[in-house]
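Participant: I have a structure here, written as structure tokens, and I will follow up with some questions on it.
The values are calculated or read from the model by the stated rules, or taken from the named source; none is laboratory data. Quantities reported herein were computed from a predicted structural model and do not represent experimental measurements. Neighbour counts run over all protein chains shown; Cβ positions are idealised from the backbone, glycine included. To get the accessible areas, we keep the full protein, side chains included, count just its heavy atoms, and leave off ligands, DNA and RNA. Shrake-Rupley method; radii C 1.70, N 1.55, O 1.52, S 1.80 Å.
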Amino acid sequence: MRTILRNLRYGSRMLRNSPGFTAVVTLTLALGIGANTAIFSAVYSALLRPLPYRHPERLFTLGEGRRQFADSPQASYPDFLDWTRTAKSFESIAGFSGDAFTFVTGGEPENTFAAQVTPNFFSTLGVKPFLGRSFFPGELQRDGPHVAILSHAFWRSQFGSDRNIVGRVIRLDNHAVTIVGVLPEEFEFAPVRSAPIWVPLHPGLDLATRRSLRWLNVVARLAPGVTEHQARAEMTGITAQLARAYPKEDGAIVVGITSLREVIVGKIRLLLLVLLGAVGFVLLITCANVANLLMTRAIRRRKEFAVRAALGATRGDLLGQLLAESMLLSTAGAAVGLLAAHWGIDALIAAIPNGQLQSMPFLRDAGINPTVLGFLCGVALLTAILFGLAPAFTASQSALNEQLKEETRGGTSGTQGRLRNALVVVEIAISLVLLAGAGLMLQSLRVLLRQNPGFDITHVLTFSVNLPDSSYPSEKEYPFDSPSALRFERKFRDRLQSLPGVVNAASATGIPANGGSGTIRFVVEGRPNVTGQEDECDILTIDANYFSTLKIELASGRFFGPHDSPDSPPVVVVNRAFVKAYLSNGNPIGKRIRYTFNAREPFRQIVGVVGDTAQDDLAAPPPPVIYDLNDQDSSTYLTFLVRTAGDPLAFANTARAALREMDPQLPMIGPLTLEQVAGASASVFLRRYPSYLIGTFAGLALILAMVGLYGMIAYTVLQRTREFGIRLTLGAQQRDILRLVMRQALGTSLAGASIGVVTGLWVTRLMTNLLYGIKPDAWAPFAAAAILIVLVALTASLIPAGRAIKVDPMRALRNQ
């Protein structure tokens, strides 16, 4: 311990005597360590931190659906009830779904996202309220919620952390609702975007009774001693029983069981791991660069080491001394890196669009915590070993007489030179891998954004309006059929259409490229089908202006027209993908389809075929779609699309004022341009976000690599000054000296680029799922990265090369 303390004291004095060197190394390490800590904080929050529930490893989501719709399976309410009665593999099974309410605060109505859950939802998760109580079984009401539980953040922001909040009455959609609890601060539930308000499940008549309507999300807790395999086998058996009992509704259904963690973080796991790998490469370059600086410094300290060796210091003593200095530098870099990580975490979160962050609320908790601090200390120790071991070993291995010989020649040993050169080659290779990876991501993003989504996204403002059931009640037994909502939609659309600067206005149940469509089972007239095996595809309810507003191509037939009224024969429009999938033989115009969720549903005639459009995801192939006319099938949640002559966002306040004139209690939900909607979609985010981050890491790595190359060439020129003087004395030209220096730089950069291309072709295959429209071995990004590396390397070597050709032969010989 005394030896270690002595080495640390001596090392700190040596570093204080070289403030410039210490500052450069500290800042270099701070960049590498800080970036790694920031990314690890996000990885820990998303992938490693235990979910804030009791025994989260036993929580799974359950769903049912047809195989082609298995990405996000949900369950019908009757099937859910059957599961809760018959499944023995689960300790408890709970349901949840998204909801929205108009909540009045400060005199202004606001649309507030909410979650409706079965009364046993929180007990299934193992969560107890911070204040108050959970829901009681009898509080599940079909006529709307009567009680609510608040999230901790909503309680703090809207009610000032009032600890007497329990028992207070608020109004949601003009319903008097009593607050019965407040959730813990650490509670979050990403599948419903960590809703600020939680209410008991209140399914309407049709939602509660239609076995074929799958809308409910289900979370279940495994019973003690039961494995996932056993639960899956039991649920498969229950699904088969339901298929026999209800062949029409459940005949073609499969059940899905997925761990809750996988549901929450599955889509971003690869993204975070790729970013962690990229920033790890930056750390390797940082270590290589610092190792080169330390080797240069160690060479200059050869005389010191020789004297210490002559006085009895062993190789172990010298090695320990240099490693102690490395640890001091790494500790200083980690301390500054901690500040950089704090800023970097904020920047990482700020760069995520709010729409995406709502589905990843766990990232909001990313920050400096004990686990992240432990990672920081581990990285500091690792970097101290990585960048300190090679210089310390090479500096301590030479015998005293060899050190004195080297001091006399003023050169450097071949081993040290080869090691320095190898480190620079590694830096260049890693830089090329990062540059190529960033190039692949940017090229993928460019291909994605340049593809034709099937509609014109420019100059379109989108926003939604949620019509409360209490003010716009349904007058029929089926859901989404409210004549009062239809009257509102028509009147407000006409009002929008009449406003100055509006080219066209339309409404729909969803925004293209951002989801919103549901699915429907149907049969084609005259086509054989088996009960329970009917065809199924996406359905979007729109008004007659939808196609013209978005400039969607008409392939054949006609669009909806003014003569298509609630009293006229029902009609639909389909897209090309629908025709290809279900009507490949003959002309589709005039053929009829019938929805099968109710025996009284009429046949609907196909009157038009339109071009395919991106529905849920720009990166996904356009699905078959049925376009239903809202005049014949109205909804209470309306999305409006307004094409304007000028800036769409500038029209938002005008549209908001028009809405307030129609109904002062209706808030405008999320006014965005269609370009913003498309740009913030999950497919774009998963490519744009890593493109920018990997590009930033690649730029940083390139700078560090070129600094390393510059340092190597500069030091080589310094060590070969006597050689250059002799060459010039014997008649060599300046261009010969320049050629020698540039040849070394070119050879090093080409070697690094070659290794980088080979490594990159293997590493970038891990990014296949993040790429769109290109392959991970696309040659263009690798070629561009290699050319850039070589050009920047040659540029970095120009300054030391310029010094080499200006060597005065006589002075060089005299100084040596």
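Participant: Over the residues of the stretch 134-188, compute the C-alpha Rg and express it relative to 2.2 N^0.38 Å.
Facilitator: In units of the globular-protein estimate, the stretch 134-188 measures up at 1.14.
Participant: Angle, helix 414-450 long axis vs. longest principal axis of the chain, Cα atoms, 0 to 90°, nearest 10?
Facilitator: 20 degrees
Participant: When the C-alpha atoms of the stretch 696-816 are aligned to their principal axes, what extent does each axis show, in angstrom, from largest down?
Facilitator: Extents along the principal axes, in whole Å: 63, 23, 17.
Participant: Please report how far the C-alpha centroid of the stretch 737-762 lies from that of the stretch 2-35, rounded to the nearest whole angstrom.
Facilitator: The stretch 737-762 and the stretch 2-35 have Cα centres spaced 31 Å from each other.
Participant: I would also like to ask the following. In nm, to one decimal, how far is the modelled label at residue 262 from the one at residue 675, with both set 7 Å along Cα→Cβ?
Facilitator: According to this spin-label approximation, the distance is 4.0 nm.
Participant: Another one. What shape does the stretch 441-572 have by the C-alpha gyration tensor, where a ≥ b ≥ c are the square roots of the eigenvalues, rounded means a/c under 1.5, and otherwise prolate means a/b greater than b/c and oblate the rest?
Facilitator: Oblate, since a/c reaches 1.5 and b/c is not below a/b.
Participant: Right, another one. So, with a 1.4 angstrom probe, what is the percent of accessible area on the chain that is carbon and sulfur?
Facilitator: 58 percent
Participant: Tell me the relative contact order for the stretch 476-569 as a rounded percent, counting alpha carbon contacts under 8 Å between residues six or more apart.
Facilitator: 24 percent
Participant: Follow-up. Hey, can you rank 614-622, 435-443 by average C-beta count inside 10 Å, highest first?
Facilitator: 435-443, 614-622
Participant: Further question: What figure in square angstrom, to the nearest 10, would you give for the accessible area of residue 352 with a 1.4 Å probe?
Facilitator: 10 Å²
Participant: Taking a ≥ b ≥ c as the square roots of the eigenvalues of the Cα gyration tensor of the stretch 78-143, is the shape rounded (a/c under 1.5), prolate (a/b larger than b/c) or oblate?
Facilitator: prolate
Participant: Given points 7 Å out from each Cα along the Cα-Cβ axis, report the residue 656 to residue 86 separation in nanometres with one decimal.
Facilitator: So the two model labels end up 5.2 nm from each other.
Participant: Nearest 0.05, what FRET efficiency do residue 346 and residue 498 give at R0 = 45 Å with Cβ-Cβ as r?
Facilitator: Working from the Cβ atoms, E equals 0.50.
Participant: Additional query: All other residues with a Cβ under 13 Å from the Cβ of residue 528 taken together, and with Lys, Arg as +1 and Asp, Glu as -1, what is their net charge? Numbers along the way, then the final one.
Facilitator: On the way: positive: 527; negative: 525, 534, 535.
Counting the neighbours of residue 528, the net charge comes to -2.
Participant: Still on this structure, please answer the following. Note down the accessible area of residue 743, probe 1.4 Å, to the nearest 10 Å².
Facilitator: Approximately 140 Å² of residue 743 is accessible to the 1.4 Å probe.
Participant: Quick check on packing: order 222-231, 456-465, 280-289 by the mean number of other C-beta atoms within 10 Å, highest mean leading.
Facilitator: Highest mean packing first, the order is 280-289, 456-465, 222-231.
Participant: Additional query: Can you give the net charge of the other residues whose Cβ lies under 14 Å from the Cβ of residue 172, counting K and R as +1 and D and E as -1?
Facilitator: -3
Participant: Another question about this same structure. Determine the dipole magnitude for the chain: charges of +1 sit on the beta-carbon of Lys and Arg, -1 on that of Asp and Glu, nothing else is charged, the reference point is the Cα centre, and the result goes in debye to the nearest 20. All intermediate terms of the calculation are to be shown ahead of the outcome.
Facilitator: Numbers: 78 positive and 62 negative charges, 888 e Å.
Using only the charged Cβ atoms, the result is roughly 4260 debye.
Participant: With only alpha-carbon atoms in the gyration tensor, what are the semi-axes of the equivalent ellipsoid for the chain, in Å, largest first?
Facilitator: With the √(5λ) rule applied to the chain, the semi-axes are 64, 32, 24 Å.
Participant: Then there's this: Give, in nm to one decimal, the length gained when the segment between residue 389 and residue 530 is fully stretched (0.36 nm per residue of separation minus the Cα-Cα distance).
Facilitator: Extending this stretch completely gives an extra 43.5 nm.
Participant: List the pair-distance distribution P(r) of the stretch 167-271, using every Cα-Cα distance, as the percent of pairs falling in each 10 Å bin from 0 up to the bin containing the longest distance, rounded to whole percents.
Facilitator: Result returned by the calculation: 10, 27, 34, 22, 7.
Participant: Using the Kirkwood radius over C-alpha pairs as Rh, can you work out the diffusion coefficient of the stretch 615-705 via Stokes-Einstein at 37 °C, viscosity 0.692 mPa s, in µm² per second?
Facilitator: It comes out at roughly 190 µm²/s.
Participant: Taking 2.2 N^0.38 Å as the expected size of a compact globular protein, what ratio does the Cα radius of gyration of the stretch 1-81 give against it, to two decimals?
Facilitator: That works out to 2.30 for the stretch 1-81.
Participant: Residues with beta-carbon under 13 Å from that of residue 605, excluding residue 605: net charge, scoring Lys, Arg +1 and Asp, Glu -1?
Facilitator: +2
Participant: Still on this structure, please answer the following. In Å and from the alpha-carbon atoms only, list the Rg and Dmax of the stretch 615-773.
Facilitator: Cα-based Rg and Dmax for the stretch 615-773 come out at 30.4, 97 Å.
Participant: In Å³ and rounded to a whole number, note down the convex hull volume per residue for the Cα atoms of the stretch 24-63.
Facilitator: 73 Å³
Participant: Next question, about the same structure. Can you work out the FRET efficiency for the pair residue 236 and residue 458, with r the C-beta to C-beta distance and R0 = 51 Å, to the nearest 0.05? Walk me through the intermediate numbers first.
Facilitator: On the way: r = 49 Å, r/R0 = 0.96.
It comes to 0.55.
Participant: So, one more: First measure r as the distance between the Cβ atoms of residue 178 and residue 110, then evaluate 1/(1 + (r/R0)^6) with R0 = 22 Å and state the FRET efficiency to the nearest 0.05.
Facilitator: With R0 = 22 Å, the Cβ-Cβ based efficiency is 0.65.
Participant: About the Cα centre, and with charges only on the beta carbon of Lys, Arg (+1) and Asp, Glu (-1), how big is the dipole of the stretch 93-164? Nearest 20 debye, please.
Facilitator: 340 debye
Participant: Right, here's the next one. Of 345, 511, 589, which has the most accessible area with a 1.4 Å probe, and how do the rest follow in descending order?
Facilitator: Output order, biggest surface exposure first: 589, 511, 345.
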